[in-house]
Structure formats: structure tokens, C-alpha cells
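Okay, structure first, notes after.
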Amino acid sequence: MNARNTRTITNSALWVFWAVLALVIWGELSTNGLGLNIYDKFQHLGAYALLAGLVTVALGARRGWLLALVGLAAMGGILEILQGLTGRDADFRDEIANITGIFIGGSIGWAVCTLMRAWLVETHAAD
């Protein structure tokens, strides 16, 4: 893996992050959610794990990535409050699922970034 491939991966992660973020916001604020027949807490956990993993990879687990994860948790809490204004139930347990997903996704994203850096160093050492 070279530096160009790493940039491609991080840029792709950023684009996918924004698309998933829009979908999550829409899903949380729409009156019917996404309409998936999956336990609600798993939806929250999975969505925020994906968001956290993507933003961690997009930022390369460097400058500001922990702040971005805190921002995701804050956004989840705000969306949960706003959800109560749309006729849906605001549930504190949803925010717990969000934060759990952020922890899992951020950890996986950090591991991916660590592996990418190791491959990049190994590639340069082999040259």
C-alpha cells in the first residue's frame, strides 16, 4: 500500500461518511424511521459504529478524530431529543446504543488506520 492508496481510502471514507450521516439524520427524524425490521437498538448501534469507523478512517485517527467521535455522540443526543418533537419517542437507551456503536466503530477505525500506517511504513522500508 502506498500513500496514494491511503489517500484514496481516506477520501472515500469521508464521502461515504457524509452519505451515511445524511441517511442517519433522515432516519432518526422521519416519522417512520427507516422502516427496517431490526431491533431499534441494533439500528442505532450499527449506524453509529459505521459513522464512527468512517470518520476515524477519514481523519486517519489523527488530529481531531476523538473530537469527531464526541461530536457524533452529541449529535445522537440532540437527534434523540428532536425525535421527541416529531411524534416519535425519545429514548435514552437509544443514546446508549449510539455511544456503544461509536466506541466499537471508533476502535475498529483506529485499528484499520494503524494497519494502514504499518503497511505504508513496510512498503517504504521495502523500497
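Here are some notes:
- Cα pair distances of the chain binned at 5 Å [whole percent]: 2, 12, 19, 22, 16, 11, 8, 5, 3, 2, 1, 0, 0
- Per-residue ³J(HN,Hα) for region 68-76, Karplus 6.51 cos²θ - 1.76 cosθ + 1.60, θ = phi - 60°, Hz, x for Gly and Pro: 4, 5, 5, x, 4, 5, 5, 4, x
- Each of 72, 51 was scored by other Cβ atoms within 10 Å of its Cβ. Listed from fewest to most, they are 72, 51.
- Maximal additional length on extending the residue 92-residue 119 stretch stands at 5.7 nm, based on 0.36 nm per residue less the C-alpha distance.
- A straight chain from residue 74 to residue 32 at 0.36 nm per residue would run longer than the Cα-Cα distance by 12.9 nm.
- Cα-centred dipole magnitude for region 3-108, charges only on beta-carbon of K, R (+1) and D, E (-1), debye, nearest 20: 640 debye
- Mean residue ellipticity (222 nm) of the chain, computed from DSSP H runs ≥ 4 via -39,500 (n - 2.57), nearest 500: -28500 deg cm²/dmol
Read-outs throughout are calculated quantities, based only on the coordinates presented, and are distinct from any laboratory measurement. This is a predicted model, so every value here is computed, not measured. Ideal geometry is used to build each Cβ from the backbone, glycine not excepted, and the neighbour counts take in all protein chains shown.
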